[in-house]
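Encoded as structure tokens, here's the structure I'll be asking about.
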Amino acid sequence: MRKPGLTAALFTDKSPERNSLFWIGIVLTGAIVLLAPFHPLFLAGLILTVPLLVICLIDLAQSEHSLRRNFPGAARFRWFFEWLRPFLRSYIVESDLDGRPFSLDDRSLIYARAKGTVDAHPFGTELDVYDGEYEWLAHSVVPNPAADKEMRVHVGSDQCAKPYSASRLNISAMSFGALGANAIEALNLGAKKGGFYHDTGEGGLSPYHRRHGGDIVWELGSGYFGCRTKEGRFDPELFRERASSDQVKMTEIKLSQGAKPGHGGLLPGVKVTKEIAETRGVPEGQDCLSPPGHSAFSSPKELVEFAARMRDLSGGKPVGIKLCVGYPHELFAIVKAMLATGITLDFIVVDGAEGGTGAAPQELSDRMGMPLREGLIMARNALVGSGLKSRIRLAASGKITSAAGMAMHAALGADWCNAARGFMFSLGCIQSMRCHTDTCPTGIATQSAARQRGLVIPEKAERVARFHKSTIAALHEIVVSAGLNSPDEFRPWHLRHRINVAEARQMDELYPFVEEGELLAGTSHERLRRWWDDADPDSFRRRV
């Protein structure tokens with residue numbers, strides 16, 4: 001993909017609002033130059049407009065800020081109002097803790113870590129520690145500074161020939177097409193620099209994922225993009241060829257996505273460019289359908305058998321599934337299928353209903369799917385209760401942007417966490433909520449070459465790597481403070497939740513947590529026992 005230079009940015013931009021200030025300045029300056037000999041006021045105007053034009057040219061040429069490259073001159077008003085924000089906050093601008101889906105405090109922490117600036121917070125917490133939503137982690141009076149700093153996670157059961165050592169924080173699934181080429185490249189280069197993995201999303205393994213050599217987890221959705229036949233079914237030989245790449249470390253079967261569980265997708269033909277068509281293995285210019293369900297399997301046993309086949313085709317690399325938990329008995333049915341067949345998955349990624357997406361029906365985003373914590377606890381209980389947790393790793397995905405969030409999910413059973421929007425913020429995302437319009441102002445969630453010019457790959461890759469490094473370092477500090485050796489030692493009772501002004505509970509008091517093998521032996525938790533009894537390894541339907 002050719003990346004436009006300064007000339008192309010000025011003369012071929014199809015977004016008319018982008019350089020409007022620049023061209024207005026050109027016209028005004030020209031007029032003032034012509035009129036300057038006739039009146040001294042026009043000469044004064046020239047003194048004002050020329051510096052503005054110089055500022056616009058500087059913005060177009062610099063590589064640090066995407067908005068300034070894409071909106072020369074005009075973008076500086078945003079920084080001006082940010083500077084004024086402390087004075088205007090009470091009247092115009094939202095408070096530090098407001099903002100959805102991410103507050104200003106959340107975003108500011110990511111920006112600071114990505115830029116390598118001070119991420120400390122003065123004058124104490126702004127949170128109300130006595131409201132009904134406050135949570136905290138228990139600490140020890142005997143910290144452990146000798147705690148492991150690497151904190152890597154071994155992924156791969158005894159059925160896996162090529163296990164993988166995963167970071168505790170990785171880039172969650174974001175497809176080429178949803179994100180532009182520059183964003184994909186910057187994320188992958190950042191992953192390479194930082195030693196963590198980059199999930200491709202279900203849109204296929206694009207050249208931009210592979211250009212810089214960062215570790216890849218190849219996600220396969222129901223469209224089997226990148227390894228499909230003309231009819232849209234799974235092509236084992238194409239999969240073998242691409243999954244054998246040294247860069248592909250693991251493969252992941254997407255069953256459902258938190259932001260739009262059970263929902264397929266249709267990419268209109270006008271958006272199926274030559275690059276997207278080649279990446280996905282679909283005809284250029286034709287509608288690209290991602291069905292709601294898979295054609296390669298229809299039962300829990302067929303699912304785990306398909307996973308075993310993928311593991312063999314990839315040369316023994318770890319294979320797992322990603323899902324937003326819906327009916328608990330379906331998750332338990334997958335566990336029973338593993339017990340019945342003897343085939344174990346290597347990992348399970350639990351995606352919460354609070355997870356993000358470029359576009360989804362609002363009703364699905366708001367009301368479908370289980371929130372991450374409940375889903376993670378459900379998956380943890382299923383694996384621990386069936387005696388499989390020692391072989392299968394659990395990952396959590398959904399609105400996780402900080403070390404505190406990682407530690408809290410570790411207490412609920414997660415071995416590592418994946419983040420999508422957090423890494424988008426590290427690229428420079430400003431939460432403009434225009435991901436679905438192809439007019440992302442920072443050049444991240446767009447296919448516009450002119451807008452993507454604002455995102456300079458080497459500079460943004462450094463920010464991605466810094467955000468990851470700083471967050472992992474902060475997680476280590478939390479582990480030290482808790483007196484532990486590793487995040488693996490966090491337990492539900494480390495996490496406390498305030499119920500009301502007078503009462504706080506440990507998480508294991510709020511939710512049932514089973515012991516090793518308890519589901520097999522017969523749990524005393526009525527709901528868990530009912531869901532376990534309802535699960536059928538031969539069918540996703542509820543057993544009656």
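Part of a loop (DSSP other than H, G, I, E, B), assigned by TED's automatic domain parsing to the domain that holds Ala337 and either more than 17 Å from the chain's Cα centre (by Cα) or modelled with pLDDT of 95 or more (or both): is that true of Gly375 in this structure?
Numbers: part of a loop (DSSP other than H, G, I, E, B): no; assigned by TED's automatic domain parsing to the domain that holds Ala337: yes; either more than 17 Å from the chain's Cα centre (by Cα) or modelled with pLDDT of 95 or more (or both): yes.
In short, no.
Answer yes if at least one residue in segment 393-401 is farther than 18 Å from Ser167 by Cα, at pLDDT 90 or above, in the same structural domain as Gln506 (by TED's automatic domain parsing) and not in a loop (DSSP other than H, G, I, E, B), and no otherwise.
Within segment 393-401, the subset farther than 18 Å from Ser167 by Cα is none.
Taking every residue of segment 393-401 in turn, none turns out to be farther than 18 Å from Ser167 by Cα, at pLDDT 90 or above, in the same structural domain as Gln506 (by TED's automatic domain parsing) and not in a loop (DSSP other than H, G, I, E, B).
With respect to Leu339, is the statement that it is under 19 Å from Ala178 (Cα atoms), surrounded by fewer than 21 Cβ atoms within 10 Å (Cβ to Cβ) and in contact (Cβ under 8 Å) with a residue 24 or more places away in the chain true?
Values: under 19 Å from Ala178 (Cα atoms): no; surrounded by fewer than 21 Cβ atoms within 10 Å (Cβ to Cβ): yes; in contact (Cβ under 8 Å) with a residue 24 or more places away in the chain: yes.
Against the criterion (under 19 Å from Ala178 (Cα atoms), surrounded by fewer than 21 Cβ atoms within 10 Å (Cβ to Cβ) and in contact (Cβ under 8 Å) with a residue 24 or more places away in the chain), Leu339 does not qualify.
Still on this structure, please answer the following. In segment 288-307, what residues are of a type in the set (Gly, Ala, Ser) and either assigned to a strand (DSSP E or B) or under 19 Å from Arg542 (Cα atoms) (or both)? Show your work before the answer.
Applying the first criterion (of a type in the set (Gly, Ala, Ser)) to segment 288-307 yields 290, 293, 295-296, 298-299, 307.
Result: Ser290, Gly293, Ser298, Ser299.
Quick grid of which residues meet (1) at pLDDT 95 or above; (2) within 26 Å of Cys440 (Cα to Cα); (3) not assigned by TED's automatic domain parsing to the domain that holds Lys260:
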{"position": "Ala161", "(1), (2), (3)": "yes, no, no"}
{"position": "Ser165", "(1), (2), (3)": "yes, no, no"}
{"position": "Leu169", "(1), (2), (3)": "yes, yes, no"}
{"position": "Phe176", "(1), (2), (3)": "no, yes, no"}
{"position": "Ile184", "(1), (2), (3)": "yes, yes, no"}
{"position": "Gly190", "(1), (2), (3)": "yes, yes, no"}
{"position": "Gly195", "(1), (2), (3)": "yes, no, no"}
{"position": "Gly204", "(1), (2), (3)": "no, yes, no"}
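On the given criteria, is Gly356 in a loop (DSSP other than H, G, I, E, B) and at pLDDT below 90? Lay out the reasoning, then the answer.
Details: in a loop (DSSP other than H, G, I, E, B): yes; at pLDDT below 90: yes.
Taking the combined requirement at face value, the residue satisfies it.
Matching residues to (1) under 25 Å from Glu252 (Cα atoms); (2) polar (S, T, N, Q); (3) touching a Gly at 6+ places or on another chain (Cβ under 7 Å):
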residue: Ser402; (1), (2), (3): yes, yes, no
residue: Gly413; (1), (2), (3): yes, no, no
residue: Ala419; (1), (2), (3): yes, no, no
residue: Phe425; (1), (2), (3): yes, no, no
residue: Thr442; (1), (2), (3): no, yes, yes
residue: Val464; (1), (2), (3): yes, no, yes
residue: Ala473; (1), (2), (3): no, no, no
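Which of the residues belonging to segment 258-297 are without any contact (Cβ under 8 Å) to a residue 12 or more places away in the chain and within 29 Å of His329 (Cα to Cα)? If you could, list the steps in order and put the result at the bottom.
At the first step, the residues of segment 258-297 found to be without any contact (Cβ under 8 Å) to a residue 12 or more places away in the chain are 274, 277-278, 283, 297.
Within segment 258-297, Phe297 is the sole residue that qualifies.
In segment 94-116, what residues are surrounded by 11 or more Cβ atoms within 10 Å (Cβ to Cβ), in a loop (DSSP other than H, G, I, E, B) and either at pLDDT below 85 or polar (S, T, N, Q) (or both)? Don't jump to the end; show me each part of the working.
Let us first name the residues in segment 94-116 that are surrounded by 11 or more Cβ atoms within 10 Å (Cβ to Cβ), namely 94-99, 101-116.
Remaining after also requiring in a loop (DSSP other than H, G, I, E, B): 94-99, 101-103, 116.
Glu94, Ser95, Asp96, Leu97, Asp98, Gly99, Phe102, Ser103, listed by residue number.
Among the residues of segment 41-57, are any within 25 Å of His468 (Cβ to Cβ) and either within 29 Å of the chain's Cα centre (by Cα) or at pLDDT below 85 (or both)? Break it down into steps so the answer makes sense when it comes.
Keep residues of segment 41-57 that are within 25 Å of His468 (Cβ to Cβ), which gives none.
Checked against the condition, which is being within 25 Å of His468 (Cβ to Cβ) and either within 29 Å of the chain's Cα centre (by Cα) or at pLDDT below 85 (or both), segment 41-57 yields no hits at all.
I'd like the full set of residues that are free of Cβ contacts under 8 Å to residues at least 40 places away in the same chain, part of a loop (DSSP other than H, G, I, E, B) and either surrounded by 15 or more Cβ atoms within 10 Å (Cβ to Cβ) or of a type outside the set (Ser, Thr, Tyr) (or both), limited to segment 519-544.
Within segment 519-544, Gly522, His525, Arg541, Val544 meet the criteria.
Now, a different point. Only one of these conditions is not met by Leu364: (1) surrounded by 21 or more Cβ atoms within 10 Å (Cβ to Cβ); (2) in a helix (DSSP H, G or I). Which number is it?
(1)
Quick check on my filter: what residues within segment 122-144 are touching a residue at least 12 places away in the same chain (Cβ under 8 Å) and of a type outside the set (A, V, I, L, M)?
Result: Glu126, Tyr130, Asp131, Gly132, Glu133, Tyr134, Glu135, Trp136, His139, Ser140, Pro143, Asn144.
Where residues in segment 279-306 are crowded, with 22+ Cβ neighbours inside 10 Å and at pLDDT 95 or above, which of them is nearest to Val153 (Cα to Cα)? Explain how you work it out, then say what you get.
Step one: of segment 279-306, the residues crowded, with 22+ Cβ neighbours inside 10 Å are 279-280, 282, 288, 300, 303-304.
If we keep only those that are at pLDDT 95 or above too, we end up with 300, 303-304.
On the way: Pro300: 27, Leu303: 25, Val304: 22 Å.
Looking at the filtered set, the residue picked out is Val304.
So, restricting to strands (runs of 3 or more DSSP E) that lie completely within segment 412-518, which ones have at least 1 residues that are touching a residue at least 60 places away in the same chain (Cβ under 8 Å) and surrounded by fewer than 17 Cβ atoms within 10 Å (Cβ to Cβ)? Before the answer, list the steps.
Values: elements: 416-419, 495-500, 503-506.
The qualifying strands (runs of 3 or more DSSP E) are 495-500.
Quick one: which of Arg367, Arg391 is among the basic types (Lys, Arg), touching a Ser or Thr at 6+ places or on another chain (Cβ under 6 Å) and more than 17 Å from His329 (Cα to Cα)? Outline the logic, then answer.
On the way: Arg367 fails: touching a Ser or Thr at 6+ places or on another chain (Cβ under 6 Å).
On inspection, the qualifying residue turns out to be Arg391.
Restricting to segment 202-246, count the residues that are surrounded by fewer than 18 Cβ atoms within 10 Å (Cβ to Cβ) and in contact with a helix residue (DSSP H, G or I) (Cβ under 7 Å, 6 or more places away or on another chain).
4
Determine, yes or no, whether Glu509 is in contact with a helix residue (DSSP H, G or I) (Cβ under 9 Å, 6 or more places away or on another chain) and modelled with pLDDT of 85 or more.
Spelling it out, it is not the case that Glu509 is in contact with a helix residue (DSSP H, G or I) (Cβ under 9 Å, 6 or more places away or on another chain) and modelled with pLDDT of 85 or more.
Which one of these does Gly358 not meet: (1) in contact with a helix residue (DSSP H, G or I) (Cβ under 9 Å, 6 or more places away or on another chain); (2) free of Cβ contacts under 8 Å to residues at least 40 places away in the same chain; (3) not acidic (Asp, Glu)?
(2)
The values are calculated or read from the model by the stated rules, or taken from the named source; none is laboratory data. As the structure is a prediction and not an experimental result, all values here were calculated from the model. Glycine also receives a Cβ, built like all others from the backbone with ideal geometry; neighbour counts cover every protein chain displayed.
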